Amino acid sequence: MYFLAGGKSITICQGGVLRFFVIIEKRAGCGGRPDGSEAILLGAITSRCPACGTLNRAPADRMGKTGRCGMCRAEISFPVRPVTPVELTDANFDREVRAAGYPALVEFWSPSCGHCIGMAPVLDELARELAGRVKVAKLDVTANPKTASVFGVTGTPTFVLFRGGREAARFVGAMPRAELTRRLAGAGLL
Ligand SMILES: [Zn+2]
């Protein structure tokens, strides 16, 4: 079960659209998930200090703001984290995934792959539910063969989980949402 975290909410400009979010928290021992309202898990955002490397944590309502490193007091920022899958290209892959500062789940997909089209709603849901914790992103292997080749992707969909900018896990083939979630949990992400 999720609960409103003290009635907190934030408004974020994302891709030129103002979006309103309710901040929720998950209580231990309960399953369930948000029931429609777009929501961000409380306490989920982190920012690595550029000066000393300390991983700073902050409540989700700090997103889009700056703060001070708890260790060395250097200025740090908490970038806005997307709630819809990020479209990756050969050009933005390094910036969006390797330098994201938090884990990323990348689906290598192809517009001509029916299984990939079938996974799209699952990716949309995960992007919303994991916002702030995991960046959910998609790379069209047809349009971006260079990156697909770097990672040796030979079939779609292929899901690669990145942590600290490096591949941490890989799942090949379409699967139900529950199975993908189970594998992410198995990789220590959820
Ligand atoms: Zn620091």
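Could you grab the relative contact order for the stretch 86-186? Cα pairs under 8 Å, six or more apart, rounded to a whole percent.
Reported as a whole number, the value is 37 percent.
Sort 129-136, 88-95 by packing, meaning the average of other beta carbons within 10 Å per residue, with the highest value first.
The peptides rank, most packed first, as 129-136, 88-95.
Expressed in nm to one decimal, what extension gain is obtained for the pair Ala99 and Ser149 from 0.36 nm per residue of sequence separation less their Cα-Cα distance? Kindly include the intermediate steps, with their values, before the conclusion.
Details: separation 50, 0.36 × 50 = 18.00 nm, distance 1.96 nm.
So the extension gain works out to 16.0 nm.
Karplus couplings for the stretch 138-154 from phi (6.51 cos²θ - 1.76 cosθ + 1.60, θ = phi - 60°), rounded to Hz, Gly and Pro as x?
Result, ordered by residue: 9, 10, 6, 5, 5, 7, 10, x, 5, 5, 4, 5, 4, 9, x, 7, 10 Hz.
Taking amide H positions as placed 1.01 Å from N in the peptide plane, with prolines and chain starts having none, which residues 5 or more places from Asn56, or on another chain, fall under 5 Å of its amide H?
Residues meeting the amide H criterion: Ser47, Arg48, Cys49.
Working out 0.36 nm times the residue gap between Glu125 and Leu55, then minus their Cα-Cα distance, what length gain in nm do you get to one decimal?
Taking 0.36 nm per residue and subtracting the Cα distance, the gain is 22.5 nm.
With a/c under 1.5 counting as rounded, go ahead and sort the stretch 43-135 into rounded, prolate or oblate using the C-alpha gyration tensor (a ≥ b ≥ c being the square roots of the eigenvalues; past the cut-off, prolate if a/b is larger than b/c, else oblate).
prolate
All of the numbers you see were taken from the coordinates with simple rules; none came from a lab. Please read these numbers as outputs of a predicted model, since none were measured by experiment. When we count neighbours, we look across all protein chains shown, and the Cβ atoms used for this are built from the backbone with ideal geometry, even at glycine.
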